[in-house]
Amino acid sequence: MNKFKILSIVGAFFIFTGSLSAQSCTGFHKKYCKSGSDEGWVYNSQSKSGLFEYGMTSEIKIVIFKDFDYSLSLCNEKALGKGELLVTIKDAKTGEMIYDNSTEDRNQHIEFTCAATRAVIVTVTAGGDGSSADSKEPKGSDAKKSSQKTTGSKSTEAVDGGCVGLLIEQKATSKQGF
């Protein structure tokens, strides 16, 4: 009987820790987003990963520096659909739209040169049209799942979702001319 209790406790521990690690998106961008390190791109520590529900939108404020080229790569788990990430980049002070991938077939890779140091807000939406978290019913959901949906929930049982990564890389802009 004692062995049964010990095995039950150990089994419960592994099930519990396994479910926690399955929900963690830490480092997802490092492992799954396409890196350009072989082309001279250097990892930028402003890169992030997070757990998204289908239709969820999240923002991150980053600083981009003058005389640097930037590469932004988005990646996500299959549960959110391939190429379903919407991304916009706006100037943090003026709100000026700098980039919107919805006009470019939801391109998941962006490269640009920064002419002036400034803060920008990168907004990422996982699927949907970005207008509302409930704008489209989550894929594969049923009425029970929809009624259990809560914003910011980390329970993958209640909603369809997965990890999203934003890999930011940079390199010094090449000097042109004499």
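Here are a few things to note about the model shown:
- Of the residues making up the stretch 36-68, those that are surrounded by fewer than 17 Cβ atoms within 10 Å (Cβ to Cβ), touching a strand residue (DSSP E or B) at 6+ places or on another chain (Cβ under 9 Å) and either on the phi > 0 side of the Ramachandran plot or acidic (Asp, Glu) (or both) are Glu39, Gly40, Glu59, Asp67.
- Qualifying residue in the stretch 117-128 (condition: small (Gly, Ala, Ser), on the phi < 0 side of the Ramachandran plot, at pLDDT 90 or above and surrounded by fewer than 13 Cβ atoms within 10 Å (Cβ to Cβ)): yes
The values are calculated or read from the model by the stated rules, or taken from the named source; none is laboratory data. Model, not experiment: these values are computed from the prediction. Every residue, glycine as well, gets a Cβ built from its backbone with ideal geometry; the counts of neighbours run over all protein chains shown.
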